[in-house]
Structure formats: structure tokens, C-alpha cells
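Comments concern the structure below.
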Amino acid sequence: MRLLLVEDEKELSRAIKSMLVLSGYEVIQAFDGEEALALIENNFYDGIISDIMMPKMDGITLLKTIRKKNIDTPVLLLTANGQVEDKVEGLDAGANDYLSKPFAFKELLARVRSMIKHYSPIGENTHISYGSIKLSIATYELAGKESSIMLSNKEGKILSLFLKNPTQIIPFEKLVSFMSCLDAKDKEIELYTSILNNKLDAVNANFKLAKLNKGYKVASL
Amino acid sequence: MSIYGDRLAQLEAIVEKGKTLIQEIINEEVKTSGISPIEHFKYRIKCEESLINKLNLRCLPVTMESIYTNIHDLVGFRIICSYTSGVRTVANKIISNENIDIILSKDYIKHPKPNGYRSLHLIVKLKDSDVPFEIQLRTIAMDSWASLEHQLKYKREIKHKDLIVAELKMCADEMSSTDLTMQAIYDLIKEEN
């Protein structure tokens, strides 16, 4: 699991990172909102832990900006103790959870686990629209402007992940979590992305899934 | 006596030339890639009953002139391919054949009909003939859907018509989905060998 930690206090950031790494997470650090935004736009994270008070761009603005870009990576906000307004504003802006400083590391770990476990890339929406297509979550019907096609459950889940993170490279390791054959991971990823590309082409989608060094990414045609 | 009169022989000649052309495509593909993209093919000269129905439906007179001007599938071929890539390969071979003129191409694979029908239709003419004829190309899955839908369409008194139409459309979308999955599997195997 890959987490982005956005915290401007270097000592605190280092301490949180060490603890998360010890618990088995891969942690990437950002020290202000702008640096975090650039990272989020181009990389896939399973979760984001972000402070609110930060230089250049505060945590709430960062959250609003990424949600506006249809990136719905789960976000845990770290708020100053007792700042009810911060908590309310954060949740309204699309935070999945918050934790007041100072906090016990054990609680932070529990909240991160819970946030990632309960995250679903489709949320409560009935469909995802992206580019020229619309994907129904109830039936996994993939519809273009003048034709439609049915996707299997697995294909639907994989495509949802891409459509909810359209600017990011989805790493191979993340895609493996959708796969069934442990002995044929790479081939299975290749097969499923190729199946999805055939089906996107069939409904005349204006994008496809492109293979890059570290994973696959939505690419405009 | 056939409704086509003296011109029946002309239609029969088109059938023979068409059969030869398709067989040549099969031979060529087997020679270059070791496998034919064509699973099987059929052909027919339009029967009298179907011809008169079509003319009546379009309010056209039943005369020889009207038949040859308005009906473009007096001779029809249906080529069934194993995979969607095969449909494209065979269509390109037909389009680039120097003995054939393409009059019209209707791509119901890229742009399926609202009921879900998928197929590639080519209206063509042999260089040495003035009679147009139709070549339909589709996969096994597209063909089985079209055949079953055709049978169901002619059942009398269908209740819940909207429901049936919507469900048939979903079957077409599901079968097309399977077609494209099979295509990806085929490509993966081909790439590994």
C-alpha cells in the first residue's frame, strides 16, 4: 500500500513516516500543498494523510482541488485540536476522515487501515462518466455515444479504478490486486487491459489504457 | 419460370465469381498466416417471395427495371469470421480487389443498429457486370445473435415487446463483449507463438 504524507513539520513527518513504514506501508512525503498536488496528479496512492495548516497551499484547498479534478483517493486530514470548523470544512470538502493533533500513533494506524478498507473507487454514484463514455456501476454497461457493450465484473472494477484516477499511472502492483491467477499476474494484467481496450474501441471511446514503465494510465486518442 | 427471366443466368454467374473470390481470399490467408479468418460462408439468390415483399414494403412497382434499379441484394453473400480482426482483414481484401467496385459500405460493427445488430455490409459490383450485390461480414457471435433475433422477430403476438427488445439488445451487447474478449485471448496466444 502506497501512502502520501503531506506535513510541513519535518520532525513530525519523519516520525509518522517511520511508524507507517514499520507497519508495512510505502510512504512518500510532501512538505507543502503545491508539492503534494503535483505528486497526486501524476501518481497513484492508496491513501493520503494531510495536515491542514501548510505553506503555499493549505490542506483544505489541496483537498478541494483534487476532488474538483475527479481524483477520489481517500484522504485523512490532520486537524489542530479542537478546531471544529476545520473538521466540518474538511469533511464537506471531501475528506474521508480526520484526526485531531496530538494523536496516538495507534489511532492513526487504525484510521488509515479503516479508510483504505472502506474505500470504493465508485463511491455512491450510479455511473462514472469520462471522455466520450459512461460506465454504469449497477450493470457494468459501458456506453459510448451510439453503442454500448457489457463488461464483466472484473473488467468493470478495473475500468472504474482508471476512470476515477484518470491522470495517474496505476501501478502494476495495484492492478494485481484485481487478478485471480497468482502464477500469471503479468499476462493477466496484459490480457485484461487488452480486453478493455478492445471494448473501449468498440464504443468509440476517445481514450485507451496505455502501458508505461511502472503501470497503466488513461491516454487520450 | 423465375421472376428474373433471362437474367437468372447473370445472377448465377455472379454467385460463381463471388464463390471463387472468397475461396481465393481463404487460400491466400492460409498460405500467408497458416489459418483462414473465415469460419464459413453462405450465398443465395433472393427468392421470389422475399423479393416481392421487399418491393411492396418500399411501395415499388414489381417490374424488371424496378428490381434491378432498387434492389441491391438480388445476390447476397454472408461471410462468417472467427474473430472481429478477421472481419476487417477479409473486408480489406475485398475492398482492395481490382475486380470489384465498392458502391456502399455500411459499418454496423462500429455503429451498431439501435436493436444491437452488428455486421459489416458491402454493396459491390464486379467490374464486368452492372448488377450490384451485397456481401455481409460478421463474426460467429454476431451471426448467432442475428439468426436468433430474426426468428424471434417473426413470432406472432409478442407480449411485453419493449422488454423483449431491451433484453435482446443486452444479449447483443453481451455477445459482442464476449467476441472482443475472445479476440484479446486470440491475440495473446498468437503473440506468444
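Every read-out reported here was derived from the displayed coordinates using simple, explicitly stated rules and does not represent laboratory data. Just so it is clear, the structure is predicted and the values come from calculations on it, not from any experiment. Neighbour counts are summed over all protein chains in view; Cβ atoms, including those assigned to glycine, are modelled from backbone coordinates with ideal geometry.
Output ³J(HN,Hα) for the stretch B:180-185: one whole-Hz value per residue in order, computed from phi by the Karplus curve 6.51 cos²θ - 1.76 cosθ + 1.60 with θ = phi - 60°, and x for Gly and Pro.
Residue by residue, the stretch B:180-185 yields 6, 5, 4, 4, 5, 5 Hz.
Name the residues whose placed amide hydrogens come within less than 5 Å of the amide hydrogen of B:Glu39, ignoring near sequence neighbours (fewer than 5 apart) on the same chain.
B:Ile80, B:Cys81, B:Ser82
Suppose each label sits 7 Å from its Cα in the direction of the beta carbon; what would the B:Gln10-A:Leu91 distance come out to in nanometres?
Going by the 7 Å Cα→Cβ label model, 8.2 nm.
Compute the acute angle (0 to 90°) between the alpha-carbon long axis of helix A:105-118 and the principal axis of greatest extent of the alpha-carbon atoms of chain A; round to the nearest 10°.
20
Treating the beta-carbon of each Lys and Arg as +1 and of each Asp and Glu as -1, no other charges, what is the dipole magnitude of the stretch A:2-118 about its Cα centre, to the nearest 20 debye?
Here the size comes out at about 400 debye.
Just checking the output field for A:142-149: average partner chain Cβ neighbours within 10 Å of each residue's Cβ?
Mean partner shielding for this stretch: 5.
Assuming R0 = 22 Å, can you tell me the calculated FRET efficiency for the pair A:Asn42 and A:Arg67, based on Cβ-Cβ distance, to the nearest 0.05?
So the FRET efficiency works out to roughly 0.85.
Which entries in A:Lys87/A:Lys164; B:Lys127/B:Lys153; A:Lys199/B:Lys93 show an alpha-carbon gap greater than 31 Å?
B:Lys127/B:Lys153
Could you list which residues have their amide H under 5 Å from that of B:Ile109, counting only those 5 or more apart in sequence or on another chain, with H placed in the peptide plane?
B:Ser119
Residues in the stretch B:67-108, backbone N under 13 Å from the label point at B:Ser2 (7 Å along the Cα-to-beta-carbon vector): list them, ranges by number please.
B:74-76
Determine the dipole magnitude for the protein assembly as shown: charges of +1 sit on the beta-carbon of Lys and Arg, -1 on that of Asp and Glu, nothing else is charged, the reference point is the Cα centre, and the result goes in debye to the nearest 20.
For this selection, approximately 560 debye.
Could you derive backbone 3J(HN,Hα) for the stretch A:208-221 from the dihedral phi with the Karplus parameters 6.51, -1.76 and 1.60 (θ = phi - 60°), listing whole Hz in sequence and x where the residue is Gly or Pro?
9, 9, 9, 8, 10, 4, 9, x, 10, 8, 5, 10, 5, 9
What does the average come to when, for each residue of peptide A:186-197, you count the partner chain Cβ atoms lying within 10 Å of its Cβ?
Per residue, the average neighbour count from other chains is 3.
How large is the charge dipole for chain B, taken about the Cα centre, if only the Cβ atoms of Lys, Arg (+1) and Asp, Glu (-1) carry charge, to the nearest 20 debye?
Taking the Cα centre of chain B as origin, the dipole is about 520 debye.
How high is the FRET efficiency between B:Lys19 and A:Asn204 when r is their beta carbon distance and R₀ equals 51 Å, given to the nearest 0.05?
Result of the calculation: an efficiency of 0.90.
Applying the Karplus parametrisation 6.51 cos²θ - 1.76 cosθ + 1.60 with θ = phi - 60° to the phi angles of the stretch A:89-96, what ³J(HN,Hα) value in whole Hz is obtained for each residue in order, glycine and proline being reported as x?
4, x, 5, 4, 7, x, 6, 8
To check you understand DSSP bridge types, tell me what percent of the beta bridges within the stretch A:25-155 (both residues inside) are antiparallel, rounded to 5.
Within the stretch A:25-155, antiparallel bridges account for around 50 percent of the total.
Sum -39500 (n - 2.57) across every DSSP H segment of at least 4 residues in chain B, then divide by the residue count to get the 222 nm mean residue ellipticity, nearest 500.
That calculation yields -17500 deg cm²/dmol at 222 nm.
Considering amide H positions built from the backbone, and no H for Pro or chain starts, which residues 5 or more places from A:Thr79, or on another chain, come under 5 Å of its amide H?
Long-range HN contacts for A:Thr79: A:Leu99, A:Ser100, A:Lys101.
Relative to the present Cα-Cα distance, how much length would full extension add between A:Ala80 and A:Glu146 at 0.36 nm per residue of separation?
Answer, rounded to one decimal: 18.6 nm.
Out of all DSSP beta bridges with both ends in the protein assembly as shown, state the antiparallel percent to the nearest 5.
Antiparallel: roughly 60 percent of the beta bridges in the protein assembly as shown.
Residues of the stretch B:177-191 with backbone nitrogen within less than 19 Å of a virtual label 7 Å along the Cα-to-Cβ line of A:Thr139, please, listed as ranges.
The answer is B:177-180.
Count, for each residue of B:108-115, the Cβ atoms from other chains sitting within 10 Å of its Cβ, then give me the mean as a whole number.
3
Using only DSSP helix segments of four residues or longer, with each worth -39500 (n - 2.57), what per-residue ellipticity at 222 nm results for chain A after dividing by its residue count and rounding to 500?
Roughly -12500 deg cm²/dmol at 222 nm, from the helical runs in chain A.
With just the Cα atoms defining each centre, how far is the stretch A:194-221 from the stretch A:53-121? Give it in Å.
32
Take every DSSP beta bridge with both residues inside chain A and express the antiparallel ones as a percent of the total, to the nearest 5.
Within chain A, antiparallel bridges account for around 45 percent of the total.
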